[in-house]
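Scroll down for the structure; my scribbles are underneath it.
The values are calculated or read from the model by the stated rules, or taken from the named source; none is laboratory data. As the structure is a computational prediction, the values presented were derived from the model and not from experiment. Neighbour counts run over all protein chains shown; Cβ positions are idealised from the backbone, glycine included. Areas reflect the complete protein model, heavy atoms only, side chains present, ligands, DNA and RNA absent. Shrake-Rupley method; radii C 1.70, N 1.55, O 1.52, S 1.80 Å.
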Amino acid sequence: MSRGNTRQRIQDVALELFAEQGYEKTSLREIAERLDVTKAALYYHFKTKEDILDSLFQDLAAKPTTDLIAWAETQPSTLETKLEILRRYSAAITSAAPLFRFMQENQATMRDLKIGDHMKRRIFVLLDLIRDDDAPLVDQVRCSSALFTMHATLFALQHPEVPLEEKSKAALQVAQELVTTAHQGSVEAHRAAAREERKSA
C-alpha cells in the first residue's frame with residue numbers, strides 16, 4: 001500500500017513517535033514538528049491523537065480483518081478453511097506489523113481506547129471460526145494458542161537479523177500445526193461419540 005499522501009504520512013510519523021516514546025507522551029505538536037508542518041495543517045486531517053490511532057486501526061487492521069471474517073463466515077468449517085483463515089490473518093498482521101507491535105506493547109493504553117475493544121472482539125470472532133464449540137478443552141486451547149502465536153512472534157522473538165517475513169512464516173507454520181491437531185481431535189471425538197451411539201442403539 002502506498003504511504004505517500006499527507007494523511008498517510010501523518011499516520012506513519014505518529015506511529016513512529018508512539019512506538020519511540022509512548023502514546024501518552026506524544027503530542028500533536030511533536031507529530032507536526034516531525035512532519036515539518038504546522039499544527040493547523042495537522043489539525044485539518046486529525047483533531048486528536050486518538051483520531052490518528054483510530055484511523056491507523058481502521059486502515060491497517062479493521063478493514064483487512066473484517067474482510068477476512070466476512071469471507072470466512074461464508075465457507076464450510078473444514079480444515080482447509082481454518083488454515084486459509086490463519087494464512088490470510090498472518091498476511092494482514094504482517095503487513096501492519098508496526099501497528100500490531102504497538103498495540104501489543106501498549107495494552108494498558110489500548111484498554112482505555114475504543115480500538116482495543118474493537119480488536120479484541122474481532123480476535124474472538126476469528127477464534128470462533130477456527131475452533132469447534134464442542135471440541136475437547138485441550139483442542140480449544142490449541143486454537144487460541146495459534147492466534148496468540150502469530151501475534152506474540154511479532155514482538156517477542158527478538159532476533160533482529162531474522163527478517164519479519166521469516167518470523168511470520170514460522171509463526172504461521174506453528175499456528176497451522178496447532179489448528180490441524182485441534183481439528184483432527186474434534187473429528188476423532190465426533191467419531192468416538194458416533195460409535196458410542198451405535199453401540200447403545
Under the condition of being in a helix (DSSP H, G or I), closer than 18 Å to residue 48 by Cβ and among the charged types (D, E, K, R), which residue from the range 17-30 is least open to solvent (accessible area, probe 1.4 Å)?
30
Picking from 179, 174, 162, the residue that is β-branched (Val, Ile, Thr) and open to solvent by 50 Å² or more (accessible area, probe 1.4 Å) would be 174
At least 2 residues that are closer than 16 Å to residue 7 by Cβ and either of a type in the set (A, V, I, L, M, F, W, C) or in contact (Cβ under 8 Å) with a residue 24 or more places away in the chain (or both) in each: list the helices (runs of 4 or more DSSP H) lying fully within the range 38-80 that qualify.
39-45, 49-56
Condition set in contact (Cβ under 8 Å) with a residue 40 or more places away in the chain and out of contact with any helix residue (DSSP H, G or I) (no Cβ under 7 Å at 6 or more places or on another chain), scope the range 95-113, selection most open to solvent (accessible area, probe 1.4 Å): answer is 95
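Here's the yes/no breakdown for (1) within 28 Å of residue 49 (Cβ to Cβ); (2) of a type in the set (D, E, K, R):
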{"residue": "81", "(1), (2)": "no, no"}
{"residue": "89", "(1), (2)": "yes, no"}
{"residue": "110", "(1), (2)": "yes, no"}
{"residue": "127", "(1), (2)": "no, no"}
{"residue": "161", "(1), (2)": "no, yes"}
The condition of being hydrophobic (A, V, I, L, M, F, W, C), open to solvent by less than 50 Å² (accessible area, probe 1.4 Å), touching a residue at least 24 places away in the same chain (Cβ under 8 Å) and farther than 30 Å from residue 188 by Cβ holds, among 146, 135, 92, only for 92
Restricting the range 35-76 to residues that are open to solvent by 80 Å² or more (accessible area, probe 1.4 Å) and hydroxyl-bearing (Ser, Thr, Tyr), the residue that is nearest to residue 133 (Cα to Cα)
74
Given the options 83, 129, 154, name the one that is part of a helix (DSSP H, G or I) and either farther than 22 Å from residue 68 by Cα or open to solvent by less than 30 Å² (accessible area, probe 1.4 Å) (or both).
154
